[in-house]
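In what follows, a single structure is set out as structure tokens and then discussed.
The values are calculated or read from the model by the stated rules, or taken from the named source; none is laboratory data. On a predicted model such as this, the values are computed, not experimentally measured, just so you know. Neighbour counts run over all protein chains shown; Cβ positions are idealised from the backbone, glycine included. Side chains included, ligands, DNA and RNA excluded: accessible areas come from the protein's heavy atoms. Shrake-Rupley method; radii C 1.70, N 1.55, O 1.52, S 1.80 Å.
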Amino acid sequence: MKRVLLIAGGGTLGTYTAEELLRLGCAVDVICPEEKKSDHPNLRFIRSLATEELLRELFAAGKYDGIVNFIHYKTLDAYRQIHPLLIANTEHLIFLSSYRVYADRMHPITEEAPRLYDVSEDAEFLATEDYAVPKSKCEDYLRGECAGQPWTIVRPVISFSQYRLDLYVHSGKLILEYAERGEPLRIPSSSRYLTAGLDWAGNSGKLIAHLLFKPHTFGETYTVSTAQNLTWDQVAAIYHELIGLEVDWCSDEAFYEQHPCYLEKRKWILDCDRRFDRVINNEKILKATGLGASDFKPVAEGLAIELRKIKGEF
């Protein structure tokens, strides 16, 4: 039985990655700060932050066959400090990057598409953006200083679950609150027919789990998506059908009036992602995992599953 450690794996992606690994016959340890109880003999939750002290304690009991690290490091230095410890204690390490590293220059997007970090001429973005930029720096560190080691980079699209329901920039349980109040959720009409980089976490977790323990994935990068390639308008229509959510497709000015933070500290999520067309070509990850379209659920079905979980019907 292979042993897998999921670092910060108690949330949206980690939950479904663990579920698929258990189905594949693995033993799974999950480090997470939340209080969680296991109902599976091969699943163990370790309630803690993933400190170096904790990791050394776990590794003292033996190496893991696989590690999936879900932590987002806001600086390269923060990741550089922990990587040697992780790679020395596993046969395969998966590093979580993001589809948000991609620029809006290739459609459909493949793993070879230009990254914002490489092509952007916006000095402020390169100096202050704290998601796509550090993800890209960590990717470069792995390809450069860590070449030849058994790591794999994954770039998941937005993945929703009962823990976070996503529509454009709106996340968490906010969407449910708007639907319950009968209040329209405001989204810029300029993004209405753009392809949403969105998938059900059950699909994303399955893809990540099936990348593990495959030597041909070492040193490679994969976009984690089933490439259903729905537009934001189509995603909004699914929410409307399932929970009655209304969307106000408004002007950019009206959106900013209600959400001024996206003009300032959160502007990159719009200007360097949600305003991009995120059509994905997922041929590379399908070939690597051996999975196909029949192995995944449509976004609408995934959302229905999560809504039932929220209502306690499972």
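Matching residues to (1) in contact with a Ser or Thr (Cβ under 6 Å, 6 or more places away or on another chain); (2) under 18 Å from Trp151 (Cα atoms); (3) touching a residue at least 60 places away in the same chain (Cβ under 8 Å):
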| residue | (1), (2), (3) |
| --- | --- |
| Glu57 | no, no, no |
| Tyr79 | no, yes, yes |
| Asn89 | no, yes, no |
| Ile94 | yes, yes, yes |
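What is the residue count in the range 191-232 for residues that are open to solvent by 10 Å² or more (accessible area, probe 1.4 Å) and of a type in the set (Asp, Glu)?
1
Go through the range 289-304 and give me each residue that's touching a residue at least 60 places away in the same chain (Cβ under 8 Å), closer than 27 Å to Phe213 by Cβ and open to solvent by 10 Å² or more (accessible area, probe 1.4 Å).
Result: Thr289, Gly290, Leu291, Ala293, Asp295, Phe296, Lys297.
From Asp118, Asp104, which residue is outside any loop (DSSP other than H, G, I, E, B), open to solvent by 40 Å² or more (accessible area, probe 1.4 Å), touching a residue at least 12 places away in the same chain (Cβ under 8 Å) and not β-branched (Val, Ile, Thr)?
Matching residue, one of Asp118, Asp104: Asp118.
Identify all residues within the range 26-46 that are open to solvent by 40 Å² or more (accessible area, probe 1.4 Å) and either in a loop (DSSP other than H, G, I, E, B) or touching a Lys or Arg at 6+ places or on another chain (Cβ under 7 Å) (or both); write none if there are none.
Within the range 26-46, Pro33, Glu34, Glu35, Lys36, Lys37, Ser38, Asp39, His40, Pro41, Asn42, Phe45 meet the criteria.
Assuming Ser159 fulfils every condition listed in (1) in contact with a Ser or Thr (Cβ under 7 Å, 6 or more places away or on another chain); (2) part of a strand (DSSP E or B); (3) closer than 24 Å to Gln258 by Cα apart from one, which condition is it?
Answer for Ser159: the failing condition is (3).
State whether one or more residues within the range 241-259 are buried (at least 19 other Cβ atoms within 10 Å of the Cβ) and part of a loop (DSSP other than H, G, I, E, B).
yes
Yes or no: Ala147 at pLDDT 95 or above, surrounded by 16 or more Cβ atoms within 10 Å (Cβ to Cβ), not in a helix (DSSP H, G or I) and not basic (Lys, Arg)?
no
Limited to the range 71-101, what total is found for residues that are of a type in the set (Asp, Glu) and open to solvent by less than 50 Å² (accessible area, probe 1.4 Å)?
0
Go through the residues of the range 193-216 one by one and say whether even a single one is more than 30 Å from Tyr79 (Cα to Cα), of a type in the set (A, V, I, L, M) and in a helix (DSSP H, G or I).
No.
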